[in-house]
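Only one structure is covered here, and it is reproduced in the block below.
What follows is calculated from the coordinates using simple rules that are stated; it is not laboratory data. All of these numbers come straight from a predicted model, not from anything done at the bench. Cβ sites come from the backbone with ideal geometry, for glycine too, and all protein chains shown count toward neighbours.
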Amino acid sequence: MATLENDTAAHAVHEAVGHGMAHGLPEVIFGWDPMIVSSVILCLAYVFIISERINRAVVALLGAGLMIMLGVLNQELAVGGIDFNTIFLLIGMMVIVGIMKDSGVFQYVAILAAKSVRGNPRALLAVLSIITAVFSALLDNVTTVMLIVPITLLLTEQLKLNPYIFLVAQIFSSNIGGMATLIGDPPNILIGSALGFSFMDFIQNTAPIAAILMVVMIVFFDLVWGRKMSTTLKAKAHLLRYKPEEALTDKPLLMKSLFVLALVIFGFVWGHGHGIEPGTTALTGAALLMLLNIYKYDPEKQTHKVHDALGRVEWETIFFFMGLFMLVYGVEHAGVLAILGEKLLTVTGGDMATTGIVVLWSSAVFSAIIDNIPFVATMIPLLESTAPTFGGTENMGPLWWCLAIGACLGGNGSIIAASANVMVASFAERAGHRISFVKFLKLAFPMMLATIAIAHVYVQYMYFGGF
Amino acid sequence: MLSSCEKAIVKDVVTVTPDQTVEEILKIFKEKNIRNIPVLDNEGKFLGLVGLQQILVNLLPKSAVMEDGLDNLNFVVGATPGMAKRLRKLHEVSIAELIKTDAATVTPETSTIEALLVLAKRGSPVAIIDEDTKEFKGVITRQTLLDNLYDVLEEIEDEEAA
């Protein structure tokens with residue numbers, strides 16, 4: 001996605017349109033300005049995505065279709081705009097986790113943890129948060145909360161506790177935990193894929209701040225809520241009789257999934273130095289796990305099982321990403337993002353530290369208001385367009401980490417800021433413990449700003465030579 | 001020969017109102033040996049069904065019966081006394097809270113084959129309501145529909161014999 005090439009391509013389009021001889025190149029209808037057309041499409045798509053009145057995948061695909069129909073892009077360019085590394089990584093991990101979750105491992109770990117703290121509510125709040133964070137770092141956040149929330153609701157019901165604060169803590173833990181790794185949170189997948197960062201790059205840059213914030217968060221939740229929680233001896237006794245091993249419904253499946261997951265994570269770390277991208281590793285891992293799961297069966301049953309495994313992929317998310325990539329590529333191709341990038345540099349004076357801090361805070365606030373995925377997808381090419389000022393994308397590391405940290409933490413700012421939050425809220429509602437938008441916002445937005453303030457100190461010392 | 005399901009309708013059906021309690025309907029279930037009961041408002045409009053199924057679901061933790069909830073509860077040990085106590089608590093609850101509002105309905109004009117399809121797909125009984133007034137007219141059950149088919153068979157065989 002080198003900026004220079006895009007500029008040239010955009011100019012070529014302008015010229016071709018001007019001379020009315022665009023062979024195979026897109027031509028904006030009625031001679032409209034592609035910058036305006038693409039910006040209008042993107043802004044409208046954003047409005048619909050934020051309003052949540054129309055499904056986001058449908059909005060993104062329609063917007064992408066318009067980008068092509070109105071001549072901002074042609075199909076070839078639009079498909080070229082899709083980051084298939086991200087798409088493959090998402091699909092691969094969704095298949096692996098989809099198969100793995102049938103083993104009951106998540107319930108097992110949660111019950112084991114609850115028993116290990118002997119049903120103490122205060123300690124339970126902390127351990128469930130830690131489990132959520134660790135799983136979120138290794139798996140995608142939505143899956144993690146889908147598996148941890150039901151068992152949390154059962155445990156809190158058993159202990160006669162209000163699950164509200166447990167669920168809020170899990171939202172925070174999933175977003176903070178997800179920030180720690182390349183595969184933990186969609187913004188990281190997007191950034192890692194676009195810039196070629198390795199699994200270890202994230203461990204070295206975003207994991208430390210994730211660990212710090214988890215400690216801070218757990219202490220805070222304990223001081224404000226945890227220490228006041230109590231339960232009866234009888235309720236605890238009930239919980240202590242739970243048999244976690246009974247939750248493991250399929251041990252061979254668990255072994256296979258853990259083996260493949262370990263192999264895939266090793267593949268992420270090793271593959272980076274060997275030209276193998278995470279998308280390839282994840283998708284190959286998914287194929288391997290499906291193979292281990294089906295080889296014993298006859299072809300008909302195999303088809304059935306593979307159909308089932310692929311059905312676990314959240315296709316809505318996948319098509320949302322594909323549509324979004326094409327949408328953003330439309331504005332990028334028209335040269336809009338380069339102009340916005342210049343504006344950003346004017347504001348920050350082209351200073352790396354100032355730009356980094358602006359990116360950190362603005363990504364947090366924007367990600368809290370809109371879904372952090374479209375925001376990051378737009379910010380990546382925008383920041384890439386500023387590369388010449390900073391001596392190339394390879395020197396812009398701190399800016400990418402500021403973007404990743406800001407967007408992931410911004411996901412805590414409101415109940416709609418990240419997909420995992422929406423999932424927790426929907427579970428809470430099903431169980432009769434509604435998380436209201438305003439009530440969550442009042443608690444979460446200030447907390448989110450506090451985590452960004454801590455992250456500000458962190459990036460200042462890590463990258464910008466302290467204060 | 002009628003092609004609609006009207007002949008299979010049971011008109012004399014025990015019904016309840018939403019303000020009645022779980023305890024009351026459990027008694028009715030036992031006495032009448034039925035598993036589902038139509039709930040009507042004071043004007044005789046059909047609101048939905050309440051059945052033993054809804055009672056059972058309410059004895060379980062929400063975390064297990066909600067959509068995408070826990071798949072199994074094998075790991076919970078010694079929960080029986082708790083469930084028994086829950087049942088006692090549930091006695092006082094008004095059935096308004098348990099009504100299955102998405103229960104399938106058909107009208108007296110619905111064809112027999114369609115009524116059979118609804119019964120096969122959605123289970124028995126299926127409430128019959130007036131299309132315009134939504135007034136409750138009775139129910140059809142698997143048994144009454146089969147009985148109806150036997151009647152038809154008898155007619156056919158008589159004709160063939162003649």
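Here are the numbers for the structure shown:
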read-out	value
Shielding by partners - mean other protein chain Cβ count within 10 Å, residues of A:247-256	1
Highest-first arrangement of A:274-280, A:196-202, where packing means the average Cβ count within 10 Å	A:196-202, A:274-280
Length released on extending from B:Glu43 to B:Glu135, taking residue separation times 0.36 nm less the Cα-Cα span	32.3 nm
Exercise: per-residue mean of other protein chain Cβ atoms within 10 Å, A:238-246	4
Loop sites in the stretch A:229-260: trypsin sites (Lys or Arg not before Pro), DSSP, at most 15 other Cβ within 10 Å	A:Arg241
Inverse mean reciprocal Cα-Cα distance (Kirkwood Rh) of the stretch A:166-213, Å	10.8 Å
Computed helical MRE - 222 nm, chain B, DSSP H runs ≥ 4 contributing -39500 (n - 2.57), nearest 500	-12000 deg cm²/dmol
Ordering of B:126-133, A:56-63, B:143-150 by burial proxy (mean other Cβ atoms within 10 Å per residue, highest first)	A:56-63, B:126-133, B:143-150
Pairs beyond 28 Å (Cα-Cα), from A:Lys256/A:Lys301; A:Lys296/B:Lys121; B:Lys30/B:Lys100	A:Lys296/B:Lys121
Ellipsoid equivalent to the stretch A:323-372 - semi-axes via the Cα gyration tensor, in Å	21, 17, 7
Chain A: calculated mean residue ellipticity at 222 nm from DSSP helix runs of at least 4, using -39500 (n - 2.57)	-24500 deg cm²/dmol
Average silhouette area of the stretch A:47-87, convex hull of alpha-carbon atoms, in square nanometres	3.4 nm²
Most to least packed among A:415-426, A:144-155 [average Cβ atoms within 10 Å]	A:144-155, A:415-426
Cα-based equivalent ellipsoid, the protein assembly as shown: semi-axes from gyration tensor eigenvalues, Å	52, 34, 23
Rounded to 5, the percent of DSSP beta bridges in the stretch B:5-161 classed as antiparallel	80 percent
Relative compactness, the stretch A:74-173, computed as alpha-carbon Rg over 2.2 N^0.38 Å	1.36
The stretch B:36-88 - Kirkwood radius from inverse mean 1/r over Cα pairs (Å)	13.3 Å
Sequence-distant aspartates and glutamates (8 or more away, or on other chains) whose Cα lies within less than 20 Å of A:Lys442	A:Asp222, A:Asp371, A:Glu429
Spherically averaged projected area in nm², based on the convex hull that wraps the Cα atoms of the stretch A:333-467	9.0 nm²
For A:Lys228, net neighbour charge (Lys/Arg +1, Asp/Glu -1) across residues whose Cβ lies under 15 Å away	+2
Residue-averaged beta-carbon neighbours from other chains (10 angstrom radius) around B:59-70	6
Magnitude of the charge dipole, the stretch B:5-161, Cβ model with Lys/Arg +1 and Asp/Glu -1, debye to 20	1400 debye
Where a label projected 7 Å from the Cα of B:Val152 along Cα→Cβ would reach, residues of the stretch B:97-114 with amide N under 15 Å	B:109-114
For chain B: Kirkwood Rh in Å [reciprocal of mean 1/r, alpha carbons]	17.8 Å
